């Protein structure tokens, strides 16, 4: 339960937002009260799964796949905006709307799939943070797992002080990641001409590169972040009229563009750093975080490797917190039930503890978690496309024809790409591999 000080802080944020909506605050001062939900959601797009996929892409194919990262980031921005808009327009999160619109049996299926996806996501994020802590401080991996669990639980407890402290903390960790990759960019000295060129010129390559493109999509667009964003906006600033809801969405759109834009730049930086450091020096076989750290140390020095691990640790811890928050929204929305946050934190730690205790390959585990996410991603994306087009649900904030087209086309592309990934994971031959 929020303390008196936290309630006062929330009241100040809400009051500042009301001033902006009524025209008494202008410019940057008007935008600041609305910044936060997309910052929290954006950390899911900078998690350890993104680190692993983008490092492998840059090491193996240089700058060639930057356009995929940029395009996927734009698609993620679009769906996160739809999720934020749904929360503002309805006052409900996406799982709640699913429970209302679908049959009870369908809602239960959605909940089970989404819970599995949330746990798979948390496994990747938790494991990534633990690997970062292990390598940075030379700790046993199991000790690192336990320390990450305690640290992320402490971060989650900030929620009792209202929404602003957690938003600020997550924003600070995003700032750490930005600073780390600014330093990495300076040290790596990438080819900015190649970055500009390959960001806009599509390149397909062969079967292996196409499958890696699918992996980029699977590691970037996160189902739990799509569910969570609607929960973060649904009651943050409650609109007093449909017109005010539209104005709130315009401010939140700035939040989405800025936060997801930064996330896209970070993902591009991870890839072009790997291209400049690994691909350019003949280390195309770097395909996981540990190898990247071990290879980075002799190439750029201990300081650069330390900066890389600091970014990984900030990414893993913050994204693990966001994953746990998403799990709460998913359970509450689909089945109307909540569990104490410490119980969810403990339960979501168990798969990581088992992986470490059994000595399973962390990289293989990360890859398997991305496959599970591929199975779950169509559920929120298709639901958003269905609900945000309906005036009966969204009112005047229903999608335009163009938005409907992009939502459906994007959902089809995502389903196709994830189908390719699952087909390949099953060991079946692809038509274009001949």
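Computed values, structure above
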{"item": "412, 98 arranged by Cβ crowding within 10 Å, fewest neighbours leading", "result": "412, 98"}
{"item": "For the stretch 241-346: rounded, prolate or oblate by the Cα gyration tensor [a/c cutoff 1.5]", "result": "oblate"}
{"item": "Relative contact order (percent, whole number), the chain, Cα cutoff 8 Å, 6+ residue spacing", "result": "35"}
{"item": "Normalised contact order of the stretch 56-149, rounded percent, pairs of Cα under 8 Å and 6 or more residues apart", "result": "12"}
{"item": "Gain upon complete extension [residue 257, residue 284; 0.36 nm per residue less C-alpha separation]", "result": "6.4 nm"}
{"item": "Two-site label geometry, residue 12 and residue 200: point separation in nm, points 7 Å out along Cα→Cβ", "result": "4.4"}
{"item": "Helix-derived mean residue ellipticity, 222 nm - over the chain, DSSP H n ≥ 4, -39500 (n - 2.57), to 500", "result": "-26000 deg cm²/dmol"}
{"item": "Residue 189/residue 74 FRET efficiency (R0 22 Å; Cβ-Cβ; nearest 0.05)", "result": "0.20"}
{"item": "Rough spin-label spacing in nm, given labels placed 7 Å along Cα→Cβ, for residue 112 and residue 405", "result": "3.9"}
{"item": "Most mobile of 81, 404, 418 in a GNM of the chain (Cα contacts under 10 Å)", "result": "404"}
{"item": "Pairwise centroid distance, computed over Cα atoms, of the stretch 180-219 with the stretch 6-75, Å", "result": "21"}
{"item": "255, 122 arranged by Cβ crowding within 10 Å, fewest neighbours leading", "result": "255, 122"}
{"item": "Among 313, 141, 260: highest mean-square fluctuation, GNM of the chain, C-alpha pairs under 10 Å", "result": "141"}
{"item": "Sites residue 347 and residue 176 - FRET efficiency at Förster radius 22 Å, r taken between beta-carbons, to 0.05", "result": "0.20"}
{"item": "Residue with peak Gaussian network fluctuation, the chain [Cα springs, cutoff 10 Å], from 416, 65, 173", "result": "416"}
{"item": "Calculated FRET value between residue 361 and residue 208, using beta carbons and R₀ = 25 Å, to 0.05", "result": "0.80"}
{"item": "Theoretical gain in end-to-end length, residue 159 to residue 142 [0.36 nm per residue, Cα-Cα removed]", "result": "3.4 nm"}
{"item": "Gain in span if fully extended, residue 150 to residue 339, counting 0.36 nm per residue against the direct Cα distance", "result": "66.2 nm"}
{"item": "Alpha-carbon centroids, the stretch 105-174 and the stretch 225-296: separation in whole Å", "result": "17"}
{"item": "Exposure proxy ranking, count of Cβ atoms within 10 Å, fewest first, for 85, 92", "result": "92, 85"}
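FYI, it's all coordinate maths here, none of it is from the lab. Only a predicted model underlies this, so the values are computations on that prediction, with no experimental measurement involved. Neighbour counts are summed over all protein chains in view; Cβ atoms, including those assigned to glycine, are modelled from backbone coordinates with ideal geometry.
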